[in-house]
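A short worksheet on the structure shown next.
The values are calculated or read from the model by the stated rules, or taken from the named source; none is laboratory data. The structure displayed is predicted, hence computed values, not measured ones. Here Cβ is always computed from backbone atoms with ideal geometry, including for glycine, and neighbour counts include all displayed protein chains. For accessibility, only protein heavy atoms count, side chains too; no ligands or nucleic acids. Shrake-Rupley method; radii C 1.70, N 1.55, O 1.52, S 1.80 Å.
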Amino acid sequence: MDILVCISKTPDTTAKIAFTSGNTKYNEEGVQFIMNPYDEWYALVKALEIKEAQGGNVVIINVGPSENDTIIRKGLAIGADEAVRVDADPKDPMFVAQQIANYAKSKSFGAIFLGKETIDFNGSEVGSILSEMMDWPFVSYASALEMSGDTAKITRDIEGGIEVCEIQGPFVLSAAKGLAEQRIPNMRGIMTAKTKSLEVLPASNVAETIKVVQFIVPPGKTHVKMVNPEDMNELVRLLHEEAKVI
Amino acid sequence: MSVLVYAESPMGKFKKAAYEALSYGKKVAEALQTDCFALVLGNADNAADLGLFGAQKVIQIKNAALESFDAAVYAAAISEAVKSIGADTVVLSHSSTGKAIAGRIAVRLGAGLVSGVNSLPTSVQPFSVQKSVFSGKAIAEYSFETSIRVISLLGNAFPPQKTGAPAPVETMEVVLPASKVKVLETKRVEGTVPLPEAEIVVSAGRGMKDPSNWGMIEEMAKILGATTACSRPVADAHWRPHHEHVGQTGLAIRPNLYIAIGISGAIQHLAGVNNSKVIVVINKDPEAPFFKAADYGVVGDLFEIVPKLNEALKQFKASAH
Ligand SMILES: Cc1cc2nc3c(=O)[nH]c(=O)nc-3n(C[C@H](O)[C@H](O)[C@H](O)COP(=O)(O)OP(=O)(O)OC[C@H]3O[C@@H](n4cnc5c(N)ncnc54)[C@H](O)[C@@H]3O)c2cc1C
Ligand SMILES: Nc1ncnc2c1ncn2[C@@H]1O[C@H](COP(=O)(O)O)[C@@H](O)[C@H]1O
């Protein structure tokens, strides 16, 4: 089974958060980007495990500008067979999903894997949108997956528990913690990544559905109020009377 | 034109998230000067009670295909209801269910989607909403370019408000696609409130030294009716179950009160918790980074402080609260 894995880039958690263009764009200057952890650690590695067990190709896809090639090469170094980049500014999730759907429909993948969300915008939107565009079932927040033939048995995280389900035929899955174990690229992986194919495709037009009005940086917390460690009644009083949370 | 709120009823019961979404939808409807309707899929106890939280009418779709969860089928049912009543604003909960169906509904309706909205629209013309991004370090405001919009409301962001009276319940018939997902089993932890829904969370880290010391953490949680959480190394070392792990690679939560005990406050930990309304930090190191994100701080040995705090909390709870 061939698997398409969607990878996105996100600023490292320690990155500075600032905006440009009248506070409508994230300021990427000097920012260190990483591959979204859910894509790298779980979605991609799970796809590789399936390939190792039953064969097939693992293709990674990113919708983004050429600067993203570093992250794409990392995905190839971890073990993906080939890569595709749709050359465009990933404006909104509808746009991103449409580009991925266009590509996926031109091939015959058995499954599409994504991360459960990006850690910068926490959208959790692309997978759901994409599955409808493909008209495939969608299982979100998958924390375990077993393939036997073309039957997938998937465990997904729900509020305070899990749900186990079974699907036959092609499906879209979003990956949560537990689905696989992170893999660090080795030297051989890094060397062969340079020779693997990275195809760049043009984007198709998609009507805009939402617009960024502005980004606002909220005022930081005012100073922490220190409470005498000998006086826990005072802490309880503050939580009750001042903060009103107990 | 109207607002349609999908009220989730897992195992046939409404939870807080459903009441939050309805109270929110009611306010949005007021701002748009239109009606607020509730939609129920499958069975639910007391559907009429959704009226108490603002629904003028409750629409219920009963269909064998809705007995277990399949995002495609649920999205189809909600989209059909939206079309049949002519709603232009769809409100979902930002839950595991809501996240799985939101995008599918948006595609079916040709609608724009903003997920994880955390406050009322900043304007209705154009319709604009806000959400928290970059681990709480910024707020993003979006406006919709489409005539139909889908939003999902973050948990614990909008308090349920009982204002109305029980509402009439009408059943609606729709034709649904056959499900391609066979649910084999659903397991939920009974008894405790799941972390994403908890209003109070008591969390502990490596400062606890040993898993056998967690008794006092559990005791505090019991006194407060709170749910317990932990830092990543604690879960990785199997001191605590993995589902308690919060942070960038674990759960992101936003309780009203987060009590962090023996946790340093690394940026990856903060990423999952700094949207909490009030943060209390107990740490022996006055330089621990967590104090910068805290509202209340106590510097000292947790093995002395926590028992004292538990005593004080017990007294407080006993004195008529
Ligand atoms: C990519 C990545 C992702 C990560 N994701 C997460 C995540 O999702 N969640 C997460 O939590 N971490 C995550 N981490 C790890 C994170 O960087 C920290 O290492 C971790 O949060 C530290 O856990 P801790 O605070 O329990 O332990 P420590 O950093 O060891 O802190 C223990 C604290 O306890 C205090 N202490 C010790 N003894 C006492 C005492 N007797 N009384 C009072 N205080 C005491 C100490 O002063 C110290 O501040 C991630 C790291 C990386 C690189
Ligand atoms: N620009 C992109 N290119 C490729 N995949 C993406 C892109 N943005 C998001 N994704 C995928 O969609 C998942 C969920 O993203 P989101 O819906 O934005 O939270 C990510 O974990 C990726 O797998």
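Given segment B:89-197, what whole percent of its Cα pairs are spread farther than 20 Å?
Details: 3360 of 5886 pairs.
In whole percent, the share of Cα-Cα pairs in segment B:89-197 beyond 20 Å is 57.
Tell me, what % of the accessible area of segment B:224-321 is carbon and sulfur with a 1.4 angstrom probe?
55 percent
Solvent-accessible area of B:Arg240, probe 1.4 Å, all protein chains present, reported in Å² to the nearest ten, please.
30 Å²
Let me spell out the model: positive unit charges on the Cβ of Lys and Arg, negative unit charges on the Cβ of Asp and Glu, origin at the Cα centre of chain B. What dipole size does that give, in debye rounded to 20?
Numbers: 31 positive and 29 negative charges, 41 e Å.
Around 200 debye, computed over chain B.
How charged is the neighbourhood of A:Met133? Take every other residue with its Cβ under 11 Å from the Cβ of A:Met133, and add Lys/Arg as +1 and Asp/Glu as -1.
Numbers: positive: A:Lys105, B:Arg104, B:Arg108; negative: A:Glu132, A:Asp135.
Combined, the nearby Lys, Arg, Asp and Glu give +1.
With +1 on the Cβ of every Lys and Arg and -1 on the Cβ of every Asp and Glu, and nothing else charged, how large is the dipole of segment B:56-123 about its Cα centre, in debye rounded to the nearest 20?
So the dipole magnitude of segment B:56-123 works out to roughly 60 debye.
So, counting K/R as plus one and D/E as minus one, what does the shell of residues with Cβ under 12 Å around A:Ala18 add up to?
+1
Over all Cα pairs of segment B:117-169, how is the pair count split among 5 Å bins, expressed in % and running from 0 up to the last occupied bin?
4, 15, 22, 20, 16, 13, 6, 3, 1
Quick check: from the Cα gyration tensor, does segment B:84-127 come out rounded (a/c under 1.5), prolate or oblate?
Values: a/c = 1.91, a/b = 1.13, b/c = 1.70.
It is oblate, given that a/c is not under 1.5 and a/b is not larger than b/c.
Using only Cα atoms, figure out Rg for segment A:35-134 and give it as a multiple of 2.2 N^0.38 Å.
Working it through for segment A:35-134, the quotient is 1.01.
Beyond 30 Å, what percent of the Cα pairs of chain A remain?
So the portion of pairs separated by more than 30 Å is 35 percent.
Computed on alpha carbon atoms, what radius of gyration and Dmax characterise segment B:186-321, expressed in Å?
According to the Cα coordinates of segment B:186-321, Rg and Dmax are 13.9, 45 Å.
How tilted is helix B:71-85 with respect to the longest principal axis of chain B? Cα atoms for both, answer in degrees (0 to 90, nearest 10).
For helix B:71-85, the angle is close to 50 degrees.
Roughly how many nanometres apart are two label points built 7 Å out from the Cα toward the Cβ at B:Asp210 and A:Ser21?
Modelled inter-label distance: 5.7 nm.
Below 19 Å, Cα to Cα, which aspartates and glutamates can A:Lys25 reach? Residues fewer than 8 away in the same chain don't count.
Qualifying aspartates and glutamates at Cα under 19 Å: A:Asp12, A:Glu67, A:Asp87, A:Asp89, A:Asp92, A:Asp120, A:Glu208, B:Glu141, B:Glu145.
So which of A:Lys244/B:Lys15; A:Lys74/A:Lys211; B:Lys57/B:Lys317 end up more than 29 Å apart by C-alpha?
Beyond 29 Å between Cα atoms: A:Lys74/A:Lys211; B:Lys57/B:Lys317.
What is the distance in Å between the Cα centres of segment A:60-111 and segment A:160-181?
Using only Cα atoms, the two centres lie 21 Å from each other.
From the residues A:Asn122, B:Met1, A:Met232, which one has its Cα farthest along the dipole of the protein assembly as shown in the positive direction, the dipole being from +1 and -1 charges on Cβ of Lys/Arg and Asp/Glu about the Cα centre?
A:Met232
Using protein heavy atoms only (no ligands, DNA or RNA), what is the total accessible area buried between B and A, 1.4 Å probe, nearest 100 Å²?
6900 Å²
In terms of the Cα gyration tensor, with a ≥ b ≥ c the square roots of its eigenvalues, is chain B rounded because a/c is under 1.5, prolate because a/b exceeds b/c, or oblate?
On the way: a/c = 2.05, a/b = 1.89, b/c = 1.09.
Since a/c reaches 1.5 and a/b is larger than b/c, the shape of chain B is classed as prolate.
First measure r as the distance between the Cβ atoms of A:Met226 and A:Val206, then evaluate 1/(1 + (r/R0)^6) with R0 = 51 Å and state the FRET efficiency to the nearest 0.05.
Details: r = 52 Å, r/R0 = 1.03.
After rounding, the FRET efficiency stands at 0.45.
Which order do you get for B:Arg188, B:Arg254, A:Arg237 if you rank them by accessible area with a 1.4 Å probe, largest at the top?
A:Arg237, B:Arg188, B:Arg254
Tell me which GluC sites (Glu not before Pro) from segment A:2-41 have a DSSP coil assignment and no more than 16 other beta carbons within 10 Å of their own.
Passing sites in segment A:2-41 are A:Glu28, A:Glu29.
If R₀ is 41 angstrom, what is the calculated FRET efficiency for the pair B:Lys284 and B:Val174, using the beta carbon separation as r and rounding to 0.05?
In this case the efficiency is close to 0.10.
So in segment A:19-97, what percent of DSSP beta bridges are antiparallel if you round to the nearest 5?
In segment A:19-97, DSSP labels about 25 percent of beta bridges as antiparallel.
Any idea what the alpha-carbon Rg over 2.2 N^0.38 Å comes to for segment B:63-106?
Ratio of Rg to 2.2 N^0.38 Å for segment B:63-106: 1.11.
List the chymotrypsin sites (Phe, Trp or Tyr not before Pro) within segment A:1-50 that fall in a DSSP loop (any state other than H, G, I, E or B) and whose Cβ has at most 10 other Cβ atoms within 10 Å.
none
For chain A, find the longest principal axis of its Cα atoms and tell me its angle to the long axis of helix A:93-105, 0 to 90°, nearest 10.
20 degrees
Taking the dipole about the Cα centre of segment A:174-222, with the C-beta of Lys and Arg at +1 and of Asp and Glu at -1, give me whichever of A:Pro218, A:Ser204, A:Gly189 is farthest to the positive side.
The one lying farthest along the dipole's positive direction is A:Gly189.
Segment A:126-149: which residues show an accessible-area loss of 20 Å² or more, assembly versus chain alone, 1.4 Å probe?
Residues passing the criterion (a loss of at least 20 Å², heavy atoms only) are A:Ser128, A:Ile129, A:Glu132, A:Asp135, A:Pro137, A:Phe138, A:Ser140, A:Tyr141.
Which loop-located GluC sites (Glu not before Pro) does segment B:238-321 contain, where loop means any DSSP state but H, G, I, E or B and the Cβ has at most 14 other Cβ atoms within 10 Å?
Numbers: sites: B:Glu244, B:Glu287, B:Glu304, B:Glu311; in loops: B:Glu287.
When the GluC sites (Glu not before Pro) of segment B:238-321 are filtered for loop state and at most 14 Cβ neighbours within 10 Å, B:Glu287 remain.
Go ahead and run the numbers for FRET between A:Asp69 and B:Ser319, Cβ-Cβ distance against an R0 of 56 Å, rounding to 0.05.
0.30
For chain B, give me the percentage of DSSP beta bridges that are antiparallel, rounded to the nearest 5 percent.
15 percent
Might you report the magnitude of the Cβ-based charge dipole of chain A about its Cα centre, with Lys and Arg at +1 and Asp and Glu at -1, to the nearest 20 debye?
500 debye
Please report the net charge: other residues with Cβ closer than 9 Å to the Cβ of A:Lys225, K and R +1, D and E -1.
-2
Distance between Cα centroids, segment B:4-71 to segment B:247-304: provide it in whole Å.
If we compute the Cα centre of each part, the gap is 35 Å.
For segment B:202-260, just say rounded, prolate or oblate: build the C-alpha gyration tensor, square-root its eigenvalues into a ≥ b ≥ c, call rounded for a/c under 1.5, and beyond that prolate if a/b exceeds b/c, oblate if not.
Working: a/c = 2.00, a/b = 1.05, b/c = 1.90.
The shape class here is oblate.
Calculate the all-directions average of the projected area of the protein assembly as shown's alpha-carbon convex hull, and give it in nm².
Over every viewing direction, the Cα hull of the protein assembly as shown projects on average to 25.7 nm².
May I ask for the angle, rounded to the nearest 10°, between helix B:302-318 and the longest principal axis of chain B, with both axes built from Cα atoms and the value confined to 0 to 90°?
Rounded to the nearest ten degrees, it is 50.
So if I take the centroid of the Cα atoms in segment B:110-149 and the same for segment B:154-194, what is the distance between those two points in Å?
What the calculation gives is 23 Å, centre to centre.
Please list, in order, the residues from segment B:271-290 whose amide nitrogen is less than 16 Å from a point placed 7 Å along the Cα→Cβ vector of B:Glu304.
Backbone N within reach: B:282-286.
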